[in-house]
Amino acid sequence: MKTDELILELAKSAGPVTRLAPPSVRVWRWLGMAATLAAVAVIAIGPRADLGAAVTRPAFVASLLALLVATVSAAAVALAMSVPGAERSPRQRVLPIAAVVAWALTWLLMIATSSAGHARLIHAGCAIEIAVLGMVSGWTLLTMLRRAAPLQPAWTAGIAAIAAVTVASAATQVICPIDDPAHQLVGHVLIAALVGLAAFVVGRGRLARTWLGTRRP
Amino acid sequence: MTSEQERQSAAWMRLAQGGDQAAYASLLAMLTSVTRRFARARVGDVGWVDDVVQETLLTIHGARHTYDPARPFAPWFYAIASSRMIDVLRRERRVRSREIADDTLPESPSEVVSESDIDVKAIHAALAALPARQRDVIEGMKFRDESVRDVAGRTKMSESAVKVTAHRGYRTLRRLLGGRHED
């Protein structure tokens with residue numbers, strides 16, 4: 001097909017479109033949904049009994065802060081990446097990745113400095129919470145990304161996966177009463193990494209199918 | 001893209017988002033020459049520059065709802081053009097590496113085959129090199145005698161999308177099989 005014919009074909013099929021809201025608005029929409037989902041899960045299952053005491057412990061606070069920074073920054077970067085030219089700099093992708101690394105390092109450091117035995121590495125409830133909350137929030141984010149135009153499916157899916165699993169992990173941390181750093185590392189960080197990997201693979205595939213030469217008028 | 005072109009592009013795109021097909025055709029025509037210059041400045045006057053142009057136009061079509069008139073047009077457009085140029089460049093490299101690998105295959109006299117066999121093999125190899133959606137559309141229309149409507153129904157694409165996908169597939173096939181490239 002010649003380019004002139006393609007232009008005519010595209011123009012002929014071009015109806016009015018609904019403009020996508022700016023990435024900043026879409027970030028708040030997703031964060032609102034994700035925060036609501038996390039709050040519902042925490043209220044439904046019940047927060048840990050000693051939450052008041054837990055928030056005075058540096059490791060708990062550092063871990064939760066790292067997760068929240070990762071969630072907000074990853075959502076912002078993923079949604080900006082889904083609009084051509086909206087990402088200010090690829091260097092912004094470093095922040096969510098660094099926050100996730102800080103989250104893992106927090107618990108690694110606690111293991112290194114803790115002398116206590118490690119009783120329970122994996123708890124099914126934590127794994128289910130991370131998986132379910134991660135899947136629901138991740139699917140919502142993926143749907144929003146597919147409505148835009150993510151030109152780099154792998155990067156966008158990877159960063160979106162970070163947003164999904166970190167909000168799920170933050171909610172799980174507020175619920176989970178097990179303070180053992182080994183449990184946090186294996187039962188939370190490792191599970192989140194596995195869920196995130198699955199979310200990345202699924203998300204990359206769906207975004208690539210949508211945007212690498214298959215979406216047409 | 002000059003500042004005048006950017007101003008004009010933004011105005012046309014605003015109209016196109018509202019459904020003005022004439023403004024949209026004017027925009028795409030102007031972006032064709034801008035994209036061609038952009039690609040030639042980076043990769044030279046290679047045969048697949050028109051692929052970059054067409055891929056860019058198709059992506060602009062699918063992404064036109066993401067353009068925010070409150071923001072400058074050029075970063076939005078160049079992000080798409082750069083991305084499509086990289087995709088086409090990667091595809092060309094992949095195709096070229098397959099062609100080189102194929103050149104080394106025939107070794108023994110027992111593998112000598114007739115002219116028609118070579119064609120069939122080449123066609124199958126070229127089909128295998130196509131993106132999955134293009135291969136699916138072409139196989140449906142040419143091997144399974146499906147109509148455009150049948151393929152559109154099966155793949156959940158619009159009929160014009162099926163035609164565009166098929167045309168792009170044929171063009172790639174022609175290039176892979178050594179035919180002349182259109183446009």
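Using every Cα-Cα pair within the stretch A:39-102, state what percent have a distance larger than 17 Å. Result: 56 percent of Cα pairs exceed 17 Å.
FRET efficiency for A:V25 and B:V43, Cβ-Cβ distance as r, R0 = 41 Å, nearest 0.05? Given R0 = 41 Å and the Cβ-Cβ separation, E is 0.65. Peptide A:142-148 shows a mean partner chain C-beta count of 1 within 10 Å per residue C-beta.
Once you average over the residues of A:12-25, how many Cβ atoms of partner chains fall within 10 Å of each Cβ?
Partner-chain Cβ atoms within 10 Å, mean over residues of A:12-25: 5.
Each residue of the stretch B:77-85 was assigned a 3J(HN,Hα) from its phi angle through the Karplus expression (A = 6.51, B = -1.76, C = 1.60, θ = phi - 60°), giving 5, 5, 4, 5, 4, 4, 4, 5, 5 Hz with x at Gly and Pro. Out of every Cα-Cα pair that the stretch A:21-215 contains, those further apart than 20 angstrom amount to 53 percent. So what's the net charge close to A:I162: Lys and Arg +1, Asp and Glu -1, counting the other residues with Cβ under 14 Å from its Cβ? Local net charge: +2. Working note: Karplus 6.51/-1.76/1.60 with θ = phi - 60° gives the stretch A:146-161 the couplings 5, 6, 9, 9, x, 7, 10, x, 5, 4, 4, 5, x, 5, 5, 4 Hz, where Gly and Pro are set to x.
Summary of the geometry: the stretch A:66-88 and the stretch B:1-15, compared by the centres of their Cα atoms, lie 28 Å apart. Legend: mean number of C-beta atoms from other chains within 10 angstrom of residue C-beta atoms, peptide B:139-145, equals 0. Sorted largest first, the principal axis extents computed over the alpha-carbon atoms of the protein assembly as shown equal 76, 63, 40 Å.
Normalising the average separation of contacting C-alpha pairs (under 8 angstrom, six or more residues apart) by the number of residues puts the relative contact order of chain A at 29 percent.
Read-outs throughout are calculated quantities, based only on the coordinates presented, and are distinct from any laboratory measurement. The model shown is predicted, which means the values in this text are computed figures rather than measured ones. Heads up, the Cβs are rebuilt from the backbone with ideal geometry, glycines too, and the neighbour counts pull from every protein chain shown.
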